[in-house]
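Structure, as structure tokens:
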Amino acid sequence: MLYGGVAAAAALAGAGAAWWKFRPHEAGPDKPLSPTPEALAKAAQAFWSMRFDTPDGKPLPMSSFRGKLLLVNFWATWCPPCVEELPLLDFFYQENRDKNLQILGLAVDQPSAVRTWLQTRTLNFPVGMAGLGGTELSKSLGNMTGSLPFTVVFNASGLLVHRKVGKVLPEELVQWTQLV
């Protein structure tokens, strides 16, 4: 009985500590719920100087996408909603690539998992290997929880004009093409 009581107390203490650490926090000056407009602008500006490797190891500079409407989708092979929305993004890209539109997938995943996944599924838009650093990049662009999928839209001038956590819908893609 004594050992059972000690084990139960330890389990309750551990659960309480976990709740305290991961509970929703109040927003305040030191813990905003989202980045400030200035921080977002700075992160968006830094984005254009980044480069990622493609799954086959070639460099993929973000600056090569400037001048187009750019939808950047953060995804992972282990994320069911991410995998579900990729065919929609690919179809939309194929239908609109001649309209100054670019879609880029940034894989927040192990490179080997992405390569294996892409061997059985074709994407016609470029994929960059963001790795675990992609989570921090997405957070700097406004994804405060690091959730996937996460999509950001940059206009042709390179300004961040929209952010979305969760699966995209076809009507949203159409609306985003109107952003300037």
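The values are calculated or read from the model by the stated rules, or taken from the named source; none is laboratory data. Note that the structure is a prediction, hence the values are computed from the model and not measured. All Cβ positions, even for glycine, are placed from backbone atoms using ideal geometry, and neighbour counts span all protein chains on display.
Under 7 Å between Cβ atoms, which residue pairs at least 6 apart in sequence (or on different chains) link something in region 124-136 that is surrounded by 13 or more Cβ atoms within 10 Å (Cβ to Cβ) with a partner that is among the polar types (S, T, N, Q)?
Pro126/Thr54; Val127/Thr54; Gly128/Thr54
Scan region 36-67 for residues that are buried (at least 18 other Cβ atoms within 10 Å of the Cβ) and in a loop (DSSP other than H, G, I, E, B) and jot them down.
Step one: list which residues in region 36-67 are buried (at least 18 other Cβ atoms within 10 Å of the Cβ), which gives 40, 43-44, 47, 52, 55, 60, 62, 65.
The one that is buried (at least 18 other Cβ atoms within 10 Å of the Cβ) and in a loop (DSSP other than H, G, I, E, B): Pro55.
Being closer than 17 Å to Thr151 by Cα, out of contact with any strand residue (DSSP E or B) (no Cβ under 8 Å at 6 or more places or on another chain) and hydrophobic (A, V, I, L, M, F, W, C) narrows it down to one of Leu40, Leu88, so name that one. Please lay out each step first, then the result.
On the way: Leu40 fails: out of contact with any strand residue (DSSP E or B) (no Cβ under 8 Å at 6 or more places or on another chain).
Result of the check over Leu40, Leu88: Leu88.
How many residues does region 115-146 hold that are closer than 22 Å to Phe91 by Cβ, among the β-branched types (Val, Ile, Thr) and under 12 Å from the mean Cα position of the chain (by Cα)? So that I can check it myself, show each step before the final result.
Within region 115-146, the subset closer than 22 Å to Phe91 by Cβ is 117-128.
Pick out the ones that are also among the β-branched types (Val, Ile, Thr) and you get 120, 122, 127.
Cutting the leftovers down to under 12 Å from the mean Cα position of the chain (by Cα) gives us none.
Total meeting the criteria: 0.
Only one of these is out of contact with any strand residue (DSSP E or B) (no Cβ under 8 Å at 6 or more places or on another chain) and either within 22 Å of Met129 (Cβ to Cβ) or modelled with pLDDT of 90 or more (or both): Asp53, Asp30, Asp98. Name it.
Numbers: Asp53 fails: out of contact with any strand residue (DSSP E or B) (no Cβ under 8 Å at 6 or more places or on another chain); Asp30 fails: either within 22 Å of Met129 (Cβ to Cβ) or modelled with pLDDT of 90 or more (or both).
On inspection, the qualifying residue turns out to be Asp98.
Search region 121-139 for residues being among the polar types (S, T, N, Q) and in contact with a Gly (Cβ under 9 Å, 6 or more places away or on another chain), and hand back the single one that is nearest to Leu101 (Cα to Cα). If you could, list the steps in order and put the result at the bottom.
Initially, region 121-139 is screened for residues among the polar types (S, T, N, Q), giving 122, 124, 135, 138.
With the extra rule that they be in contact with a Gly (Cβ under 9 Å, 6 or more places away or on another chain), the set shrinks to 135, 138.
Working: Thr135: 24, Ser138: 21 Å.
Of everything passing the filter in region 121-139, Ser138 is nearest to Leu101 (Cα to Cα).
Residue check: is Pro149 at negative phi and within 9 Å of the chain's Cα centre (by Cα)?
Working: at negative phi: yes; within 9 Å of the chain's Cα centre (by Cα): yes.
Against the criterion (at negative phi and within 9 Å of the chain's Cα centre (by Cα)), Pro149 qualifies.
Being over 11 Å from the mean Cα position of the chain (by Cα) and on the phi > 0 side of the Ramachandran plot is the filter here, so list the residues in region 152-180 that pass it.
Of everything in region 152-180, just one residue is over 11 Å from the mean Cα position of the chain (by Cα) and on the phi > 0 side of the Ramachandran plot, namely Gly158.
Tally the residues that are under 15 Å from Lys42 (Cα atoms) and in contact (Cβ under 8 Å) with a residue 24 or more places away in the chain, restricting the search to region 154-175.
4
When residues of region 110-136 are filtered for being more than 19 Å from Ala46 (Cβ to Cβ), of a type outside the set (D, E, K, R), touching a helix residue (DSSP H, G or I) at 6+ places or on another chain (Cβ under 9 Å) and assigned to a loop (DSSP other than H, G, I, E, B), how many remain?
Quick first cut of region 110-136, residues more than 19 Å from Ala46 (Cβ to Cβ) only: 110-127.
Applying the additional criterion that residues be of a type outside the set (D, E, K, R) yields 110-114, 116-120, 122-127.
Remaining after also requiring touching a helix residue (DSSP H, G or I) at 6+ places or on another chain (Cβ under 9 Å): 117, 122-127.
Adding the requirement that they be assigned to a loop (DSSP other than H, G, I, E, B) leaves 122-126.
Counting residues in region 110-136 that are more than 19 Å from Ala46 (Cβ to Cβ), of a type outside the set (D, E, K, R), touching a helix residue (DSSP H, G or I) at 6+ places or on another chain (Cβ under 9 Å) and assigned to a loop (DSSP other than H, G, I, E, B) gives 5.
Could you tell me whether region 93-108 includes any residue that is in contact with a Gly (Cβ under 9 Å, 6 or more places away or on another chain), free of Cβ contacts under 8 Å to residues at least 60 places away in the same chain and farther than 15 Å from Leu71 by Cα?
Of the residues in region 93-108, the ones in contact with a Gly (Cβ under 9 Å, 6 or more places away or on another chain) are 100, 104-108.
Okay, now just the ones that are also free of Cβ contacts under 8 Å to residues at least 60 places away in the same chain, so 100, 104-108.
Filter once more, keeping what is farther than 15 Å from Leu71 by Cα: 108.
Yes, because at least one residue in region 93-108 is in contact with a Gly (Cβ under 9 Å, 6 or more places away or on another chain), free of Cβ contacts under 8 Å to residues at least 60 places away in the same chain and farther than 15 Å from Leu71 by Cα.
Tell me which of these Gly146 doesn't satisfy, since it passes every other one: (1) under 15 Å from Phe65 (Cβ atoms); (2) at pLDDT below 95; (3) in contact with a Lys or Arg (Cβ under 9 Å, 6 or more places away or on another chain).
Of everything listed in (1) under 15 Å from Phe65 (Cβ atoms); (2) at pLDDT below 95; (3) in contact with a Lys or Arg (Cβ under 9 Å, 6 or more places away or on another chain), Gly146 misses just condition (1).
Considering each residue of region 114-132, count those that are within 15 Å of Val83 (Cβ to Cβ), in contact with a Ser or Thr (Cβ under 7 Å, 6 or more places away or on another chain) and not β-branched (Val, Ile, Thr), and give that number.
Selection size over region 114-132: 1.
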